[in-house]
1. Compute the Rg to Rh ratio over the range 210-269 from the alpha carbon atoms, using the Kirkwood formula for Rh, and round to two decimal places.
2. Given H placed on each backbone N at 1.01 Å, which residues far from Ser491 in sequence or on other chains put an amide H within less than 5 Å of it?
3. I'd like the distance separating the alpha-carbon centroids of the range 111-131 and the range 575-612, in whole Å.
4. Go through the range 131-144 residue by residue and turn each phi into a ³J(HN,Hα) via Karplus (6.51, -1.76, 1.60, θ = phi - 60°); whole Hz please, and just put x for glycine and proline.
5. Does a label point 7 Å from the Cα of Thr602, set along Cα-to-beta-carbon, have any residues of the range 624-649 with amide nitrogen under 13 Å, and which are they?
6. So what is the diffusion coefficient of the range 282-365 in µm² per second by Stokes-Einstein at 20 °C and 1.002 mPa s, using a Kirkwood Rh over Cα pairs?
7. For a footprinting-style exposure proxy, rank Asp644, Asp635 by other Cβ within 10 Å, fewest first.
8. Sort the following peptides by mean Cβ neighbour count (other Cβ atoms within 10 Å, averaged over residues), highest first: 570-580, 303-313.
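Where a number appears in this text, it was derived from the coordinates with a stated rule and is not lab data. Please read all numbers here as calculations on a predicted model, not as lab measurements. Every residue, glycine among them, receives a Cβ derived from its backbone with ideal geometry; neighbour counts consider all protein chains shown.
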Amino acid sequence: MKLSIPVSVLSLVGITASLLSGPAVSATATPAGHQPTAAAVQGRFVGQAFPSGSGSYFAVGTATDLLNPVRTTTHTTLREALATAERWTFPSADASGPITTAAGGVTRCLQPDPSQAYKYVYPAVCNGSTAQQWAWEAFENGRVGGFGLVSNSGAGGFLRQFDGRLAVGGLGVATDADRVLPEGVDPVPVAEPVSLETPAPGAIVRDPRPEFGGRGTPDATIEILDRAGLLLGTTAVRSDGGWTAVPTRDLAAGAQSGTIRQLSDESTANWSVTYRAVTAVTVEAPALDATIDVPRPVFSGLGEPGATVTVVDDLTGAILVEVEVDETGAWNQRSLRTLEQRAYTATATQVFDGQRTTAPLRFTYREPAPEPGPIEDVTLGSPAIGEVVETPVPVFSGRGEPGAMIRVIGAWGTEIGSATVGEDHLWTATLNKTLIPGRYSGGSVRQEIDGAEQSRVPYDFTVRAAAAVAPLVVQAPSTGGVVASSVPVFSGKAQPGARLEIWSAWGDLVGTTDAVAASGSWSITWNKSLLPARYAGGSVRQVVGGIETHRVAYDFTVASPLTVTSPKIGDTLTGTRPVFTGRATPFAEIEIIGLWGTRLGTGTANSSGDWTVQWSSDYLPGRYQGGRVEQRVNDAFVDQAGYDFRLVR
């Protein structure tokens, strides 16, 4: 039936603004029986077909096409529907009237077509006919309740959304009604009390800050409280009714419980979990700072069951272990790589449920010494250590125990050649692969007897391009030579275009030239000033095409000038055997030679360069001059100084 609704029952002014920009409307903000005002209602055309679900609300846009029913779109929330809908004018609450829209200067009125099976509603030319009159009427059905619009025409029935279009259904039958909410009249459904979906009650969690999640009233504030009522975290319910929150502080280990509270209606839900911390990874073998002699040792330790443990060599980044912790909390795996003979530092990393723990490893691997005995150990004659070969398929040869198996093992533990030692104790093994130019080291030649390794030797050689390369010649400083300057200049002959490098005994690059001249001559100045001393153990290296082809060791001495501190020129000495003192090159040979070539005394400078020489025979009082003091280094003359003094008793 039609209702006579006082104007004062409901005011629509401002409802939309509060919905779109203000705080959430509570369940009691608008009574379920609220009706439109008596004045003509203007607002966006929205409605409610179901109390919840993905199609709860529908929106109507501008409609001016006379040939097609008015289209609708469905939305999960009222806000989404309002954002899509267009503005329409609806009849007042106390009288019948048209439902109109205007677009582009054209006004249209809603009018159902009773001749159609679904009685679709069309935008029609406004003519004031009964077919275009609508009135508000209260209803309640199993889907939704409130006020809908009923057609006054012969079509009758409530206005509703059907399959994306407006239609009327039945002669006022409430089961066919949809709630019409122009500009948001009574838009908020009954508040949904807060509920907790995860974690399940009594669940065991491994994260100290587990994610909580559940449902509640859209836009309501959710608080997670601990057993003492202290705040653990807060969030807001999303428009779809779901919420998630992560505590802002860690849970204590063990059983924990508390309350979830929704502030809009003070509804609550209880939570309870047991937080079990992840067991940190530990390493039991190799023991910290241990020395091992197994090339592929078994790594083992403890951790969290189901976690992944990875052991990585800190120096090279190579993965030594990648294994899963078993159900007992233990893990072990043989090394994925053959170890090099050196000290190792590594890191064991455990990852479980996004949580990471680490443990350090320190150990030293030394190759086991072969057992002594009459068996001849394997030796490698070719390629010799440091040798440069030109063939890409080198042939290894050497000596060993007759009948023994020889295996050539690459740096990564792969066999690259094998042979059997002959009765003459000789063996030859051709590599089973072609090598590119470069240096090859880190592998070994191993001798096995009855399947067990008996001895091994390392290899270290360089494969270079087959083109002829001129040898490297260092002409200066000569081996054992003396350099007077504190900044030595190296020179010699080499391959034109080659790069030359001077490396010190400490592994420092102290001089280089990028390309030798076409004549083959070269010169390199040491990049720093040197103290007087002997310098040996370094080398000059020739690099052609990125490959080292030759290396020459150097051995020279930077000399210090000879000085005679006593006797000074014109001094008077007492005694029969004069004593000379002074400074020279450390460890230089010092000799005093008289005017007529007589060798009067010899000595050697100490490590600081100080020297003292006493004449070897007694001499009479008198003046002694015209002789000299000579300095030699490695039997090479460096310099000399004269003397002139008086000897008295």
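1. On the way: Rg = 11.3 Å, Rh = 11.7 Å.
Rounded to two decimals, Rg over Rh is 0.97.
2. Gln475, Ala476, Ile524
3. 132 Å
4. Each residue of the range 131-144 in turn: 4, 9, 9, 9, 9, 7, 8, 6, 7, 8, 9, x, 9, 7 Hz.
5. The answer is 630-636.
6. Details: Rh = 12.6 Å.
Rounded to a whole number, D works out at 169 µm²/s.
7. Working: Asp644 14, Asp635 8.
Fewest-to-most ranking of Asp644, Asp635: Asp635, Asp644.
8. Working: 570-580: 14.4, 303-313: 19.8.
Highest mean packing first, the order is 303-313, 570-580.
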